[in-house]
1. Give the range 69-114 a look and list any residue that's among the hydrophobic types (A, V, I, L, M, F, W, C), over 11 Å from Gly199 (Cα atoms) and part of a strand (DSSP E or B), or say none.
2. Kindly provide the set of residues from the range 97-153 that are crowded, with 17+ Cβ neighbours inside 10 Å and among the aromatic types (Phe, Trp, Tyr), ordered by number.
3. How about the range 26-60: which of its residues are of a type outside the set (D, E, K, R), within 20 Å of Ala164 (Cα to Cα) and touching a residue at least 40 places away in the same chain (Cβ under 8 Å)?
4. When you look at Ser137, is it assigned to a strand (DSSP E or B), over 12 Å from Ala201 (Cβ atoms) and of a type in the set (S, T, N, Q), yes or no?
5. So, Asp130, is that one more than 15 Å from Glu35 (Cα to Cα) and in a strand (DSSP E or B) or not?
6. Do we have Phe58 as in contact with a helix residue (DSSP H, G or I) (Cβ under 7 Å, 6 or more places away or on another chain) and buried (at least 20 other Cβ atoms within 10 Å of the Cβ) here?
Amino acid sequence: MHYHNSKTVSWFIATAGMVLSFLLTGCGGGEFGSELAMRPTPRALGAAVLRLPADESFSITLAPTQETPGLGGQAEADASAAKNGAAEAVARVDNGGSAMAGFQLGHSMKNDADRMVYLHVRVACDYQTDAGAAPPSTMPEAQVGLNLYARDGRNRLLRSFNLAQHSTETGAVASKDSKVIEFTLPLGAREWVNIFVAGRARIETTEGHEAHGSIKLNKLEMTIEKETAPPVKTAADE
């Protein structure tokens, strides 16, 4: 039989809640989901070109949710992230409360060579958003968004792109769109990088109000082209 210190258990629960809250909300309204709550094991970059998910499945698949109904209110949140490139976050609140759903979908890659490489990255995605409130409000009762991030193995943010951002502060919205982002990253020998998209639906209403929001990623594709850097010349080579 194992006995657990109550202070240790309370600290663990509080810490886990803080991690989940930061994962869903981020340090700013538009920069949610930039931190991975769990660190995946990076996969070696072998081939010169890697196509995801055609060549291998995505290794980052996180889908946290959080529900806090008000007195007499109802809050619902649901999220999913699949290794084949589909993800969804849906949240709804009726008669006051808050709900958040999020997903992080991408890949963790390691340069297993002894020389620096350049990664030419192409990310393509198809998505749809929906957000609304009743009665209509000028407050951001429902917020949905989609971001793209790249972080290295030391957790430094290398790239950040906002793909979609909607709020009921400017009215209800229902849209479909596609985005293509291309960028290049240097990756040192034996170093690794996490490249992922983060989606979020966040709802917060007062008593007598209803709001809903969703972000659905219908397709995510990544193409990683590896270019080996030329050897560094020394005085002995001249």
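No value in this document is a laboratory result; all are computed from the given coordinates. No experiment lies behind these values; they were computed from the predicted model shown. With ideal geometry, Cβ positions are generated from the backbone for all residues, glycine too; neighbour counts draw on all protein chains shown.
1. Passing the criteria: Ala75, Ala77, Ala91, Val93, Ala99, Met109.
2. Passing the criteria: Phe103, Tyr127, Tyr149.
3. If the condition is that a residue be of a type outside the set (D, E, K, R), within 20 Å of Ala164 (Cα to Cα) and touching a residue at least 40 places away in the same chain (Cβ under 8 Å), then Gly29, Gly30, Phe32, Gly33, Ser34, Leu36 are the ones that fit.
4. Numbers: assigned to a strand (DSSP E or B): no; over 12 Å from Ala201 (Cβ atoms): yes; of a type in the set (S, T, N, Q): yes.
Judged against the criteria, Ser137 is not a match.
5. Values: more than 15 Å from Glu35 (Cα to Cα): yes; in a strand (DSSP E or B): yes.
Yes, satisfied.
6. Judged against the criteria, Phe58 is not a match.
Yes or no, residue by residue, for (1) among the basic types (Lys, Arg); (2) out of contact with any Asp or Glu (no Cβ under 9 Å at 6 or more places or on another chain); (3) part of a strand (DSSP E or B):
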residue: Val180; (1), (2), (3): no, yes, yes
residue: Thr184; (1), (2), (3): no, no, yes
residue: Ala189; (1), (2), (3): no, no, no
residue: Val193; (1), (2), (3): no, no, yes
residue: Val197; (1), (2), (3): no, yes, yes
residue: Glu204; (1), (2), (3): no, no, yes
residue: Gly208; (1), (2), (3): no, yes, no
residue: Gly213; (1), (2), (3): no, no, yes
residue: Lys216; (1), (2), (3): yes, no, yes
